[in-house]
Amino acid sequence: MKKRSFIKGLMMAGLTVPFSLSAMDKFISENAERSTNEITSDEDFWATIRGNYKLKPEYINLESGYYNILPQPILENFIQHIREVNYEGSYYMRTVQFDNKNKMSSKVAALVGCSSDELILTRNTTESLDMIIGGLHWNTGDEAIMAEQDYGSMLEMFNQVSKRYGVINKIISVPNHPSSDEEIVNLYSNAITPKTKLLLVSHMINITGQILPVRKICDMAHSKGVEVLVDGAHAVAQIQFKIPDLHCDYYGASLHKWLAVPLGVGMLYVKKENINKVWPLLAEGRKEDDILRLNHVGTHPAHTDLAVSDAIDFYYKIGAERKESRLRYLQNYWTNQLRNIDKVILNTPADPTRSCAIANVGIKGMNPSLLAETLLKKYKIYTVAIDGANVHGCRITPNVFTSVSDLDVLVKALKELAA
């Protein structure tokens, strides 16, 4: 049987080929001279990457936005980390635990381009951002700006701060199909007053996948004396960027999403001069300008931190440019086939620079929950329903293990439902 037919057969069956790290290294090396454009649409290449994953054949997983399935090399190393920490017990926890955590945070800092003394590992985006929202020095009458499309946990934290300190929350709505960056920047700008203290903005809106012009928003806000907190839950390892280039004051993300770290690791960036402005979530006896004063979490699963290095190594093996290009290609592959179909509603901008892997689709007259249920029960496609904040549809989130044949099933299903 030819290699192409063999790999395609495995993909259609939802099966994978066991893949060692050494085999991965060899495969990547063999393709090192090929251009990103050439590899982006090469289904054989991505079928081999798919071979690193163990996928359930009962359904097509198009919901990578909540939690990214771990590639088998990362999973096996993670299991070994659990064994190592368990083997050493208290000895590990009392001797090298914190040194190793600092090494992992330094590796994440290098990935996002900031100084290691401005970044800590947290448990997730919610912890990172809520530490800032709840940890700033608020006064009665201070104002905060956010969008109704921001993640619910952050909005709830702002509600709590409002009740506790008398902060006024001003909520805007980001259009699903903006005409320009300036339209979005002006929405935030028009909400700012002399009382505005903090502005929250999503690097990538979690329910639609829309990428916002964060640097322009930050520069505008700073010109008016307002600090900016960025929700980067979906940006890290999905799109390429460096945090200092965004000009933001604070940045939080989850590493269990697009970086494919095991559940339980996030990151928080705090610009050096802002560290002493934030009350830690849990008290820690360090200097006011030491980022580690924000990093006390008590006894926790330390073995999970060790998998950060494995995940970053795997990400680098695929290549940041290759991954972003492939994810954007997959999203545009299915959305471009549906944008002119009657009754199909795309809640994500058509401009490819304004999105990457994530998009949101609805069927006119069909409740999002029913759409998600129908896609799963009738077509064996797993998604998540979104019904609020001017977004009514299902979030579709392919991954590097997703094939175009998977997306052909989605396109066929949505066309049938629209008809």
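Quick notes
- Test for residue 371: is it farther than 24 Å from residue 174 by Cβ and either hydrophobic (A, V, I, L, M, F, W, C) or in contact with a Gly (Cβ under 6 Å, 6 or more places away or on another chain) (or both): no
- Odd one out for residue 287, checked against (1) surrounded by 14 or more Cβ atoms within 10 Å (Cβ to Cβ); (2) at pLDDT below 95: (1)
- Taken as a whole, the condition of being in a helix (DSSP H, G or I), without any contact (Cβ under 8 Å) to a residue 24 or more places away in the chain and surrounded by fewer than 16 Cβ atoms within 10 Å (Cβ to Cβ) applies to residue 273.
- Condition met for residue 253 (out of contact with any Lys or Arg (no Cβ under 8 Å at 6 or more places or on another chain), small (Gly, Ala, Ser), buried (at least 17 other Cβ atoms within 10 Å of the Cβ) and closer than 30 Å to residue 73 by Cα): yes
- Test result for residue 359, in contact (Cβ under 8 Å) with a residue 24 or more places away in the chain and either at positive phi or surrounded by fewer than 18 Cβ atoms within 10 Å (Cβ to Cβ) (or both): no
- There is at least one residue in the stretch 293-306 that is in a loop (DSSP other than H, G, I, E, B), assigned by TED's automatic domain parsing to the domain that holds residue 129 and either more than 28 Å from residue 127 (Cα to Cα) or of a type in the set (A, V, I, L, M) (or both).
- Selection from the stretch 164-217 of residues that are small (Gly, Ala, Ser), without any contact (Cβ under 8 Å) to a residue 40 or more places away in the chain and either in the same structural domain as residue 332 (by TED's automatic domain parsing) or in a loop (DSSP other than H, G, I, E, B) (or both): 166, 179, 180
- Here residue 289 meets the list (1) assigned to a helix (DSSP H, G or I); (2) over 17 Å from residue 98 (Cα atoms) almost entirely, failing just condition (1).
- Residue 328 meets each of the listed conditions (1) surrounded by 15 or more Cβ atoms within 10 Å (Cβ to Cβ); (2) without any contact (Cβ under 8 Å) to a residue 12 or more places away in the chain; (3) among the basic types (Lys, Arg) apart from (2).
- Residue match in the stretch 32-46 (condition: surrounded by fewer than 21 Cβ atoms within 10 Å (Cβ to Cβ), at pLDDT 95 or above and in contact with a strand residue (DSSP E or B) (Cβ under 8 Å, 6 or more places away or on another chain)): no
Table: residues versus (1) at pLDDT 95 or above; (2) acidic (Asp, Glu); (3) buried (at least 21 other Cβ atoms within 10 Å of the Cβ); (4) in a loop (DSSP other than H, G, I, E, B).
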| residue | (1), (2), (3), (4) |
| --- | --- |
| 110 | yes, no, no, no |
| 121 | yes, no, yes, no |
| 131 | yes, no, yes, no |
| 138 | yes, no, no, yes |
| 146 | yes, no, yes, no |
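- Condition check for residue 296 on (1) surrounded by fewer than 21 Cβ atoms within 10 Å (Cβ to Cβ); (2) within 22 Å of the chain's Cα centre (by Cα): one failure, at (2).
- Checking the stated criteria, residue 112 turns out to be in the same structural domain as residue 245 (by TED's automatic domain parsing) and closer than 18 Å to residue 270 by Cα.
- Strands (runs of 3 or more DSSP E) completely within the stretch 315-390 that count 1 or more residues being among the acidic types (Asp, Glu): 384-388
- Of everything listed in (1) over 17 Å from residue 395 (Cα atoms); (2) of a type in the set (S, T, N, Q); (3) buried (at least 24 other Cβ atoms within 10 Å of the Cβ), the single unmet condition for residue 210 is (1).
- Within the stretch 170-184, considering residues that are exposed (fewer than 15 other Cβ atoms within 10 Å of the Cβ) and over 23 Å from the mean Cα position of the chain (by Cα), the one nearest to residue 346 (Cα to Cα): 179
- As a summary of the residue check, residue 324 satisfies the conditions (1) touching a strand residue (DSSP E or B) at 6+ places or on another chain (Cβ under 7 Å); (2) within 17 Å of residue 85 (Cβ to Cβ) except for the one numbered (2).
- Count of residues meeting criterion [buried (at least 16 other Cβ atoms within 10 Å of the Cβ) and under 30 Å from residue 379 (Cβ atoms)] in the stretch 60-97: 13
- All conditions but one from (1) in a helix (DSSP H, G or I); (2) of a type outside the set (S, T, N, Q); (3) surrounded by fewer than 19 Cβ atoms within 10 Å (Cβ to Cβ); (4) modelled with pLDDT of 95 or more apply to residue 54; the one that does not is (1).
- Members of the stretch 372-407 that are touching a residue at least 24 places away in the same chain (Cβ under 8 Å) and over 24 Å from the mean Cα position of the chain (by Cα): 374, 378, 379, 380, 405
The values are calculated or read from the model by the stated rules, or taken from the named source; none is laboratory data. Because the structure is predicted, anything quoted here is derived from the model rather than measured. With ideal geometry, Cβ positions are generated from the backbone for all residues, glycine too; neighbour counts draw on all protein chains shown.
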